[in-house]
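S.K.: Have a look at this one.
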Amino acid sequence: DSAPVYEPCEITVEFSAADIAAHPNPYATVQLRAEFRSPKGGSTKVMRAFWDGARTFRIRFAPDFEGRWDLRLISNIPAIDKKIFSFQAAPARTPGFIEVFNSRYFRYSAPESPHYWMGFTSLGFSTMPWETFTNLVDSRAQQKFNHLRGLVLGASDSAKTVFAEPDQPSVDHFRELDRRIEYLNSKGIVVDLLFAGADNELADLLPQSEQRERYIRYVVARYGAYNITWQGLEKFESYKEGRSLLHEAMGLVQRLDPYQHPRSTHTQATSSPIIGDGWMTYITHQGASDSLAVID
């Protein structure tokens, strides 16, 4: 019925057994997206649905303006194709998403106010025990940290179970990741998502470009409506074809993400050599030198 601006709301679609009969692997073959028409100027945002097990698909969307939003569903399942809905966006309760400002700073989108990035890393945050996770997050929030960087798929052992089959992700893993991102956002912490770990993990798990594309589409659809940034690959230099994989994956993110969340990648040293590839919106550095703290 209504949703606060900059907070996710969901449309759940339960396909009938007859509808889904032609799609034994709906993750790979069912197409469903929503076109959202904004109350401001009639501009349109497109958000794809994600498979959430069995016959269930969800469209997760965060309005960025108050007022009435109209939406139309587009699908290769005739029973749902071209359905039309509307909902009301309520006033914002948060300062909005963060965005890159003046090439080297960050700010909140509404109202425009500075954002000072103060982050910590917990690569396995999606798979550690829940109590350990909440204790860590509560402690860091109290210390005024406002970013956590972590792996979508968890550590390497976890990643192999999330995609035991390249075209069949573990829905249970992603449902738990939903819960943890929601908890982090509720504490005022932005989540910096790494699509895969170091040492060629993404290419090894998903060797075909079509498999990687489905995965990226899935993650953008599932998490794009949260307060997040995209952090590419852990230590992209450790990949056999790290630069081209990033160009493939993050170029797709650039096209799919209707909110244009900040995009970069984790690095062993600096991501600056690949800024010319066109998809990156800010540069990252990693090192032990104190001078990194005073680059600007």
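S.K.: Would you mind finding the one in Leu136, Leu151 that is surrounded by fewer than 17 Cβ atoms within 10 Å (Cβ to Cβ) and aliphatic (A, V, I, L, M)?
M.R.: The conditions single out Leu136.
S.K.: In addition: Among the candidates Gly197, Gly287, Gly224, single out the residue that is surrounded by 18 or more Cβ atoms within 10 Å (Cβ to Cβ), closer than 26 Å to Asn102 by Cβ and of a type outside the set (A, V, I, L, M, F, W, C).
M.R.: Answer to the selection: Gly224.
S.K.: Then there is this: Would you check which residues across region 75-89 are surrounded by 14 or more Cβ atoms within 10 Å (Cβ to Cβ) and either among the small types (Gly, Ala, Ser) or closer than 25 Å to Val171 by Cα (or both) and list them?
M.R.: Ser75, Ile77, Ile80, Ala89
S.K.: Another question, then. If you go through region 32-74 one residue at a time, how many are open to solvent by 60 Å² or more (accessible area, probe 1.4 Å), under 17 Å from the mean Cα position of the chain (by Cα) and among the small types (Gly, Ala, Ser)?
M.R.: 0
S.K.: Also: Take region 169-219 and flag every residue that is outside any helix (DSSP H, G or I) and over 22 Å from Arg60 (Cβ atoms).
M.R.: Gly197, Ala198, Asp199, Asn200, Leu206, Pro207, Gln208
S.K.: Here is a follow-up. Considering only residues of region 8-31 that are in a loop (DSSP other than H, G, I, E, B) and within 15 Å of Arg58 (Cα to Cα), which is most open to solvent (accessible area, probe 1.4 Å)?
M.R.: Gln31
For (1) charged (D, E, K, R); (2) more than 22 Å from His115 (Cα to Cα); (3) open to solvent by less than 10 Å² (accessible area, probe 1.4 Å), each residue gets a yes or a no:
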position: Trp230; (1), (2), (3): no, no, yes
position: Tyr239; (1), (2), (3): no, yes, no
position: Arg243; (1), (2), (3): yes, yes, no
position: Asp257; (1), (2), (3): yes, no, yes
position: Gln260; (1), (2), (3): no, no, no
position: Thr265; (1), (2), (3): no, no, yes
position: Gln268; (1), (2), (3): no, yes, no
position: Ile274; (1), (2), (3): no, yes, yes
position: Met280; (1), (2), (3): no, no, no
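S.K.: What number of residues in region 154-200 are out of contact with any helix residue (DSSP H, G or I) (no Cβ under 8 Å at 6 or more places or on another chain), among the small types (Gly, Ala, Ser) and within 18 Å of Trp51 (Cβ to Cβ)?
M.R.: Total meeting the criteria: 1.
S.K.: Here's something else I'd like to know. Within region 102-118, how many residues turn out to be surrounded by 15 or more Cβ atoms within 10 Å (Cβ to Cβ) and either of a type in the set (Phe, Trp, Tyr) or within 30 Å of Ser158 (Cα to Cα) (or both)?
M.R.: 3
S.K.: Give all pairs with beta carbons closer than 6 Å in which a residue from region 164-180 that is free of Cβ contacts under 8 Å to residues at least 12 places away in the same chain meets a residue that is β-branched (Val, Ile, Thr); count only pairs at least 6 apart in sequence or on separate chains.
M.R.: Once the first residue is free of Cβ contacts under 8 Å to residues at least 12 places away in the same chain and sits in region 164-180, its partners that are β-branched (Val, Ile, Thr) give Ser170/Val162.
S.K.: With the requirement that a residue be modelled with pLDDT of 95 or more, in contact with a strand residue (DSSP E or B) (Cβ under 9 Å, 6 or more places away or on another chain) and β-branched (Val, Ile, Thr), what does region 241-278 give you?
M.R.: Answer for region 241-278, where residues must be modelled with pLDDT of 95 or more, in contact with a strand residue (DSSP E or B) (Cβ under 9 Å, 6 or more places away or on another chain) and β-branched (Val, Ile, Thr): Val253, Thr265, Thr267.
S.K.: Another question, then. Say we look at region 90-101 and pick out the residues that are farther than 12 Å from Phe65 by Cα and of a type in the set (A, V, I, L, M, F, W, C); which of these is most open to solvent (accessible area, probe 1.4 Å)?
M.R.: Filtering first and then ranking leaves Phe101.
S.K.: Does region 192-205 contain any residue that is over 13 Å from His147 (Cα atoms), free of Cβ contacts under 8 Å to residues at least 12 places away in the same chain and not aromatic (Phe, Trp, Tyr)?
M.R.: Yes, region 192-205 contains at least one residue that is over 13 Å from His147 (Cα atoms), free of Cβ contacts under 8 Å to residues at least 12 places away in the same chain and not aromatic (Phe, Trp, Tyr).
The values are calculated or read from the model by the stated rules, or taken from the named source; none is laboratory data. If you're wondering where the values come from, they're calculated on a predicted model, not measured in any experiment. When we count neighbours, we look across all protein chains shown, and the Cβ atoms used for this are built from the backbone with ideal geometry, even at glycine. Note: accessible area is taken over every heavy atom of the protein model, side chains too, but ligands, DNA and RNA are not part of it. Shrake-Rupley method; radii C 1.70, N 1.55, O 1.52, S 1.80 Å.
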